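First the structure, in the form of structure tokens, and then the observations on it.
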Amino acid sequence: MKISIIGTGMIANETAGVLRHEARGITISSICAHSNTERAIQMADKFHINKVYDDYAELLRSDDCDFVYIALANTAHYAHAKAALEAGRNVIVEKPITITYPEAAGLVGLAREKGLFLFEAMSLLHTPNFEWMKSQLPKVGPVRLIQANFSQYSSRYDRYLRGDIAPSFNPGCGGGALMDLNIYNLNAVIGLFGKPQHTAYFPNRGYNGIDTSGVVLLDYGDKKAVCTAAKDSSSPSYLTIQGEKGYLKMTGTPNEFASVELHTADDSHTFNLNQYSSRLTHEFMAFKDMWERNDHDAMETYQNISLKVMETLSF
């Protein structure tokens, strides 16, 4: 499977390294950067990428890739994914898939109409550990409480305090703790339990209005979830699911989903079924597998989670 990378930021570089060194059967056909061609050339040299574009439309016309992977600022996801789908290209778009539910629904509808693949790069959903946790839910009995926390002091937060605003702290780029970190918590909870009945968001906002941290409350009627994320402070990250007969716990950041514990009156185990060193390898290998099998039904299962998450975010 050939992938063209759109973007030169941190996640684009991390993904290029994974595709180059760990993912099997996937190659990078090209890289595209609108304004930072020099950085794209440096990435191409580092990761042995043969083609560099500074014109996205030309890439869509000419490149021999099977997928474009969009790793740009959040507000750029919709337009670039839409252009690719309209050009007949399969798309992988970095999380969040878009910044509004109507945009996400529009992309999914267009992909399905054209018979193309459209994936959101939400790593945790494709880890064996997440699937194992889902399979163990009946053992803890009726679930009553879910707590998720993804908090880490951002490497860009000190810059932000000095007035140097990176895209992840820029409301105009769709930044903030909700879209950057809490989006993982929400995908974990909604991937396990579906769309909640009621939702509320309580953010801490910085001087430019960006949410530097915050708490999302999800009401399922018979169970409640609290999703916490912070870029302005740190805490141990985890996901805990409390049921009447026991609990499940994932320790660590939800994007990694590194290990899962099961605790009941009769059982106590820790499992780590993940197969790769990088969280990104699991998702890209899953995308490759669905594409090679032409499995649109499996793709739509993940698209439906993306849609439920985006609809939940319509506060």
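Annotations
- Residues that are in contact with a Phe, Trp or Tyr (Cβ under 9 Å, 6 or more places away or on another chain), part of a strand (DSSP E or B) and not β-branched (Val, Ile, Thr) within segment 3-53 comprise SER4, SER30, CYS32, listed in sequence order.
- Single residue of segment 169-197 satisfying the filter (surrounded by fewer than 24 Cβ atoms within 10 Å (Cβ to Cβ) and in contact with a Pro (Cβ under 6 Å, 6 or more places away or on another chain)) that is farthest from GLN147 (Cα to Cα): CYS173
- Matching residues in segment 253-293 - criterion: being in contact with a Leu (Cβ under 7 Å, 6 or more places away or on another chain), on the phi < 0 side of the Ramachandran plot and part of a loop (DSSP other than H, G, I, E, B): PRO254, ASN255
- Exactly one residue among ALA298, ALA265, ALA258 is surrounded by fewer than 18 Cβ atoms within 10 Å (Cβ to Cβ), within 22 Å of PHE67 (Cα to Cα) and of a type in the set (A, V, I, L, M, F, W, C), and that residue is ALA298.
- ALA79 satisfies every condition listed in (1) under 21 Å from the mean Cα position of the chain (by Cα); (2) part of a helix (DSSP H, G or I); (3) surrounded by 15 or more Cβ atoms within 10 Å (Cβ to Cβ); (4) aliphatic (A, V, I, L, M) except (3).
- Residue count for segment 203-215 satisfying the condition of being surrounded by fewer than 16 Cβ atoms within 10 Å (Cβ to Cβ) and part of a strand (DSSP E or B): 2.
- Single residue of GLU113, GLU103 found to be surrounded by fewer than 22 Cβ atoms within 10 Å (Cβ to Cβ), in the same structural domain as ALA16 (by TED's automatic domain parsing), in a helix (DSSP H, G or I) and in contact with a helix residue (DSSP H, G or I) (Cβ under 8 Å, 6 or more places away or on another chain): GLU103
- Failed criterion for ALA200 (all others in (1) crowded, with 17+ Cβ neighbours inside 10 Å; (2) in a strand (DSSP E or B) hold): (1)
- Looking only at residues in segment 216-252 that are part of a strand (DSSP E or B) and among the aromatic types (Phe, Trp, Tyr), the one that is farthest from ALA265 (Cα to Cα) is TYR238.
The values are calculated or read from the model by the stated rules, or taken from the named source; none is laboratory data. Not measured: the values here are computed from a predicted model. A quick note on method: Cβ atoms are made from the backbone with ideal geometry, for glycine too, and the neighbour counts reach across all protein chains shown.
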